[in-house]
Protein chains: 2
Amino acid sequence: MDVELHDRLLQNGEKTHARNFLWQKNRPASMKLFDKALHDSHGQRVKEIIDYRNAGGKSIGSFCIYVPDEIAMAAGVLNIPLCGGTGFTVDYADKVLPRDICPLIRSTFGMAISGTCPYKTLKDFVIGETTCDAKKKTWDLFDIRALEVPQKKKKADRDLWLSEVRDFTTQVEELSGIKVTSEKLRDSIRKQNRKRDVLNAIGQYRTLPEPPISGLDALLVSQVALNMDINSFIEAGDILLAELAERAEKGESAYSEPGVRVLMAGTPSPMGYAKVHAAAEISGLRVVMDESCTGIRYSRGNVLEDLETVDEMLEAIADRYFDIDCACFSPNSERFSNILGIIEKYNVEGVVHNVLQYCHGFNVEAGKLSGILSEKGLPSLKIVSDYSQEDAEQIKLRMEAFRGIIENTRSHK
Amino acid sequence: MDVELHDRLLQNGEKTHARNFLWQKNRPASMKLFDKALHDSHGQRVKEIIDYRNAGGKSIGSFCIYVPDEIAMAAGVLNIPLCGGTGFTVDYADKVLPRDICPLIRSTFGMAISGTCPYKTLKDFVIGETTCDAKKKTWDLFDIRALEVPQKKKKADRDLWLSEVRDFTTQVEELSGIKVTSEKLRDSIRKQNRKRDVLNAIGQYRTLPEPPISGLDALLVSQVALNMDINSFIEAGDILLAELAERAEKGESAYSEPGVRVLMAGTPSPMGYAKVHAAAEISGLRVVMDESCTGIRYSRGNVLEDLETVDEMLEAIADRYFDIDCACFSPNSERFSNILGIIEKYNVEGVVHNVLQYCHGFNVEAGKLSGILSEKGLPSLKIVSDYSQEDAEQIKLRMEAFRGIIENTRSHK
């Protein structure tokens, strides 16, 4: 670790967190738990993992929500999502990676390269996946193993994916020396379902007319959910849920004015990155749902419970993850139906395409999606950005203009 | 068609061709056939296809060397590769595609959008493939069907690919109403093998110490091979081969000075684009081999001949195409072995990574490859560029410097 640089990274992180989240006036009190979890991700959480490993525990690193947590957990292996969300380390990646690939990859490997990733030595192996060209080739560069996520949703693809899920099971079993039994897998499925239930329940509150939690804070919950110990997360989530129920009962909104209801669609915003969400909510857009990998794409759909055999459960897990609607699939009609479903269900008035620069998948797909939305008379705004702050004010201006367009449409209805 | 704009495109094309190829002093006389073929790609060749279609022939468009010509041909379907190589139409793609995807896709769809693609109406359907994010999503945008090229080379992937090859067979059969019989498929396999043999035989001459054909002209042959009628191509190729045999016999080199021997590695250079190859050869680099999709990646490996059943042949075809070492595979060790084989066999002194901008696959993979080459003591130079001319002189300067490095290494050996 580069301790001095890491200190500066932390200072930068606290500043970013304040700028993105702490300006909000009427946050639920228990959001403090999640502010703390974010802070702890480079402190207490690291210590937890060190202790766990010192006691003989095994852990792996990953970069994508396609890696089935249930299986790792059943084999006694801790899966640590490693996606970087800080702009602080992006340029450190220049030593090995091209500048024109997405900031998420560059931030992640920039942390590793600059000696500021506290998890660098806290894992037995890392597992990538083939969801985009830049990640796929980055795995090759560092000899990282990868799950093959197929590109269509035909039967042959589902078969291929199931074989990958089975291979992954063997890999974590070999790592820990713990066999994935039906009992252990049944338990881990229940636990991970429970985690998703908590996320989805919190997500429901943001959709209310007087939402007791902002879209921005819902993002923070989702971001830290990827890092926190699962039990701690569920515990904190339950506390938040109780508060949200109370606030909802009283009609206590997280917002001082209603704003317009938008869906945030596209690429993930890992811990540290919330520039676009913050710009939206500062500008009076209410992010009533986030369909990204740090939104509902992460928590949508549970694994079938109460199955008998490991094999049945692995199939059920494969199916749940195969249903994820990443832009890596072609055609990706499931994503469009999911989005149209969200729009209908939550009275969405406009869509913000939040695209990390050089993510060709979500960038080109935004064009297709805009066309579909346009046919439904729904405006959309595409923001292509990176982890720098340089365009933050410009994005706010565009969000304000977008809000104006939506309000204008309303008054003509 | 926008006739006026198309005229300007053609004028631009002739100028580009002159700048890239016609400066060479000692070209084989029969290269005129291929200059003409390039010229005819927007004239005589279009007429041929119009006549063929007026007589009831069916045709499809494609964008990648993974589309098996043998199968289309056996079903009586003409496969027209559509990849654009002209910078002239790149910006026309802005109407529907992001600016930061590769110029090849933008040139291709820019032609279609600007009304300058003479093949736009000359096909019954187009077929894409899933070799990169930007292409994959572009197919979705235009509702283009696509072959799924898998991302690993395990058995499950080969099975998936075979099922795609079978689906493609059904698609072309349905289009033409012609059943792919063992006889027809055996013939088309032989014919396509013959075409590859011609390309590979021409390719051998460029590797000689006194090469009767330049690397640049070998590129032109490969480029037009994708557009010409296959019989016309084989005929022209045979004429060129006879001339090359004669010139080799006499020791007549295409170059006035020996230069240094380089391998051009990376992304394809479709008809119209030869900026990097030209810069290399103008600067005294001799491109003794080109491992791209418009080089040996297109012609390497024949399909097994003299098989009995259609099923056996489809498997053999699937295997031949599955062996292609595109950067879409992870890990792509086959590509590295192939490259090391070329280097060994043809006394390559340095490698130029020729990467189209925003092609994440070949761009990131160049880093891995450079590392492997570096361990072997082989210098490499990465050129990331697009279809504009803006950096042509800069690239030449870098090529000259690279030549200097190689000559310097030589004198220290």
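The values are calculated or read from the model by the stated rules, or taken from the named source; none is laboratory data. Predicted, not measured: the structure shown is a model, and the values here were computed from it. Note that each Cβ is placed from the backbone with ideal geometry, even for glycine, and that neighbours are counted across all protein chains shown. Quick note on the areas: whole protein, heavy atoms, side chains included, nothing else; ligands and nucleic acids left out. Shrake-Rupley method; radii C 1.70, N 1.55, O 1.52, S 1.80 Å.
Summary of computed values
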quantity	calculated
Selection from region A:223-235 of residues that are open to solvent by less than 10 Å² (accessible area, probe 1.4 Å) and of a type outside the set (Phe, Trp, Tyr)	A:223, A:224, A:225
Residue ID - nearest to residue A:153 (Cα to Cα), chosen from residues in region A:290-326 that are out of contact with any Pro (no Cβ under 9 Å at 6 or more places or on another chain) and among the hydroxyl-bearing types (Ser, Thr, Tyr)	A:299
Qualifying residues in region B:108-134 (those that are in a helix (DSSP H, G or I) and polar (S, T, N, Q)) - the one farthest from the other protein chains (Cβ to nearest Cβ)	B:114
Members of region A:205-222 that are surrounded by fewer than 24 Cβ atoms within 10 Å (Cβ to Cβ) and charged (D, E, K, R)	A:210
The listed residue being farther than 21 Å from residue B:81 by Cα, of a type in the set (Val, Ile, Thr) and away from chain A (no Cβ under 14 Å), out of B:189, B:213	B:213
Residue within region A:308-328 that is in contact with a Leu (Cβ under 9 Å, 6 or more places away or on another chain), part of a loop (DSSP other than H, G, I, E, B) and surrounded by 21 or more Cβ atoms within 10 Å (Cβ to Cβ) present	no
Unmet requirement for residue B:94, which otherwise passes all of (1) touching a residue at least 24 places away in the same chain (Cβ under 8 Å); (2) more than 9 Å from chain A (Cβ to nearest Cβ); (3) over 22 Å from the mean Cα position of the chain (by Cα)	(1)
Test for residue B:395: is it of a type in the set (Val, Ile, Thr), open to solvent by 10 Å² or more (accessible area, probe 1.4 Å), assigned to a helix (DSSP H, G or I) and more than 9 Å from chain A (Cβ to nearest Cβ)	no
Residues (open to solvent by less than 10 Å² (accessible area, probe 1.4 Å) and not in a loop (DSSP other than H, G, I, E, B)) located in region A:70-107	A:70, A:71, A:72, A:74, A:77, A:80, A:89, A:93, A:103, A:105, A:107
For residue A:334: the one exception among (1) within 14 Å of chain B (Cβ to nearest Cβ); (2) open to solvent by 10 Å² or more (accessible area, probe 1.4 Å); (3) in contact with a Phe, Trp or Tyr (Cβ under 7 Å, 6 or more places away or on another chain)	(3)
Index of the failed condition, residue A:198 passing every other in (1) open to solvent by 10 Å² or more (accessible area, probe 1.4 Å); (2) over 30 Å from residue A:397 (Cα atoms); (3) hydrophobic (A, V, I, L, M, F, W, C)	(1)
Verdict on residue A:189 being buried (at least 23 other Cβ atoms within 10 Å of the Cβ) and closer than 20 Å to residue A:298 by Cα	yes
Tally, over region B:135-176, of residues that are in a loop (DSSP other than H, G, I, E, B), open to solvent by 10 Å² or more (accessible area, probe 1.4 Å) and within 7 Å of chain A (Cβ to nearest Cβ)	1
Those residues of region A:397-413 which are modelled with pLDDT of 95 or more and farther than 15 Å from residue A:264 by Cβ, in sequence order	A:397, A:400, A:401, A:404, A:405, A:407
Scan of region A:24-64 for residues that are surrounded by 16 or more Cβ atoms within 10 Å (Cβ to Cβ) and among the polar types (S, T, N, Q), ordered by number	A:24, A:30, A:41, A:59, A:62
Count of residues meeting criterion [of a type in the set (Asp, Glu) and more than 19 Å from the chain's Cα centre (by Cα)] in region A:43-91	3
Filtered residues of region B:1-23 (kept if touching a residue at least 40 places away in the same chain (Cβ under 8 Å) and open to solvent by 80 Å² or more (accessible area, probe 1.4 Å))	B:1, B:8, B:19, B:23
Region A:357-367: number of residues that are closer than 24 Å to residue A:400 by Cβ and crowded, with 23+ Cβ neighbours inside 10 Å	3
Residue in region B:123-139 that is over 18 Å from residue A:331 (Cβ atoms) and touching a residue at least 40 places away in the same chain (Cβ under 8 Å) present	yes
Condition broken by residue A:287, with the remaining ones in (1) in a helix (DSSP H, G or I); (2) open to solvent by less than 10 Å² (accessible area, probe 1.4 Å) satisfied	(1)
Test for residue A:296: is it touching a residue at least 40 places away in the same chain (Cβ under 8 Å) and open to solvent by 20 Å² or more (accessible area, probe 1.4 Å)	yes
Complete set of residues in region B:366-376 that are at the interface with chain A (Cβ under 8 Å from one of its Cβ atoms) and farther than 14 Å from residue B:337 by Cα	B:367
Tally of residues being within 14 Å of chain B (Cβ to nearest Cβ) and assigned to a loop (DSSP other than H, G, I, E, B) across region A:339-365	3
Some residue of region A:261-278 being on the phi < 0 side of the Ramachandran plot, among the charged types (D, E, K, R), touching a residue at least 60 places away in the same chain (Cβ under 8 Å) and touching a helix residue (DSSP H, G or I) at 6+ places or on another chain (Cβ under 8 Å)	yes
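Rundown of residues vs (1) touching a helix residue (DSSP H, G or I) at 6+ places or on another chain (Cβ under 8 Å); (2) in contact (Cβ under 8 Å) with a residue 40 or more places away in the chain, yes/no style:
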{"residue": "A:288", "(1), (2)": "yes, yes"}
{"residue": "A:303", "(1), (2)": "yes, yes"}
{"residue": "A:306", "(1), (2)": "yes, yes"}
{"residue": "A:310", "(1), (2)": "yes, yes"}
{"residue": "A:313", "(1), (2)": "yes, yes"}
{"residue": "A:316", "(1), (2)": "yes, yes"}
{"residue": "A:323", "(1), (2)": "yes, no"}
{"residue": "A:328", "(1), (2)": "yes, yes"}
{"residue": "A:347", "(1), (2)": "no, yes"}
